[in-house]
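These notes concern the structure reproduced below.
The values are calculated or read from the model by the stated rules, or taken from the named source; none is laboratory data. None of the values given here were measured: they were computed from a predicted structure. Please note: Cβ atoms are built from the backbone with ideal geometry, for glycine as well, and neighbour counts cover all protein chains shown. Areas reflect the complete protein model, heavy atoms only, side chains present, ligands, DNA and RNA absent. Shrake-Rupley method; radii C 1.70, N 1.55, O 1.52, S 1.80 Å.
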Amino acid sequence: MYITGPNEAYALDATTGRPIWSFRTPRTPGLLSEAGGGANRGVALSGNRVFTITDNAHLLARSIATTGRKLWDVTMGDTKDGYSSTAAPLAIGDLVISGISGGEEGARGFVDALSGRHR
């Protein structure tokens, strides 16, 4: 089972609630959008990977295994241009789809689709 928060992801044993691994990175200062308020809407799963986003518009792939080791990190947009991210990624087949937040800051929205085996 996976639980998310702002720039955080936790893997838990769904039967016992025992923590398996966790990921946490500092929040990005100065964001005004929902990402700045700490919104995060979940993860996507595909094969042996779990996909998360960060408030500063990075899409991350982590190993589902007991370590949660980072497999890759892709920047979808720059916070200097008003981009952030809050939506849960969507895994479909070998693609991971994620969108951008930041319309409140004048950012023009878009959706990215990456191979789940990106690197």
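If you place +1 on the Cβ of every Lys and Arg, -1 on the Cβ of every Asp and Glu, and leave all else neutral, what size is the dipole of the chain about its Cα centre, to the nearest 20 Debye?
Dipole size: approximately 480 debye.
Describe numerically, in nm with one decimal, the distance between label points set 7 Å from Cα along Cα→Cβ at Asp94 and at Ala39.
3.3
For the chain, what's the relative contact order in percent, using C-alpha pairs closer than 8 Å and at least 6 residues apart?
Value for the chain: 20 percent.
Only Cα pairs under 8 Å and at least 6 apart count here; give the relative contact order of region 35-97 as a rounded whole percent.
36
Compare the Cα positions of Ala65, Asn40, Ala9 along the charge dipole of the chain (+1 at Cβ of Lys, Arg; -1 at Cβ of Asp, Glu; about the Cα centre) and return the one farthest towards the positive end.
The residue sitting most towards the positive pole is Ala65.
How large is the translational diffusion coefficient of the chain in µm² per second when you combine the Kirkwood radius over alpha carbon pairs with Stokes-Einstein at 25 °C and 0.890 mPa s?
On the way: Rh = 14.3 Å.
Once the numbers are plugged in, D ends up at 172 µm²/s.
May I ask you to give the solvent-accessible area per residue for region 21-76, in square angstrom, as obtained with a 1.4 angstrom probe?
Spelled out: the 1.4 Å probe surface of region 21-76, per residue, equals 48 Å².
Counting only protein heavy atoms and a 1.4 Å probe, tell me what percentage of the chain's accessible area is made up of carbon and sulfur. List each step's numbers first, then the result.
Working: 3260 of 6290 Å².
With neighbouring chains kept in place, the figure for the chain is 52 percent.
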